[in-house]
Amino acid sequence: MAQDIEKVNGETVETEETTNTAVVTKNSDVPAQKPKKTKKKSNKPPFGSGIKRFFKEMGSELKKVKWPDAKTTFKNTGIVLAVVVIFSLLTFGVDALFSFLLGLLAK
């Protein structure tokens, strides 16, 4: 019957080859070892590579845009200005009406 004695994590471990059982006994003169902390390898890309990739992809997307010609741009600008003027006049009219009505109520 052969016996092997090993130290595992500060504890003495005796094993017998015939029965395949392990006997664990505490060894008081050996200090308990703390498990070592291992640094996890991060899956993050290096700092700044995300910003670089963002601008690179933004440039490629801007190349795909079909930009309007000058005639279309001026036409759309005119439409926007006309709508702004119409709603400004409408707002002024409603404000003047409410001011007049409140003036009548105040008398």
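The values are calculated or read from the model by the stated rules, or taken from the named source; none is laboratory data. Computed from a predicted structure; not experimentally measured.
Test of understanding: among Gly78, Gly50, which residue is at pLDDT 90 or above, assigned to a helix (DSSP H, G or I) and of a type outside the set (A, V, I, L, M)? Of the residues listed, the single one that is at pLDDT 90 or above, assigned to a helix (DSSP H, G or I) and of a type outside the set (A, V, I, L, M) is Gly78. Looking for something over 32 Å from the mean Cα position of the chain (by Cα) and among the aromatic types (Phe, Trp, Tyr) - is there at least one such residue anywhere in the stretch 73-80? Yes, some residue in the stretch 73-80 is over 32 Å from the mean Cα position of the chain (by Cα) and among the aromatic types (Phe, Trp, Tyr).
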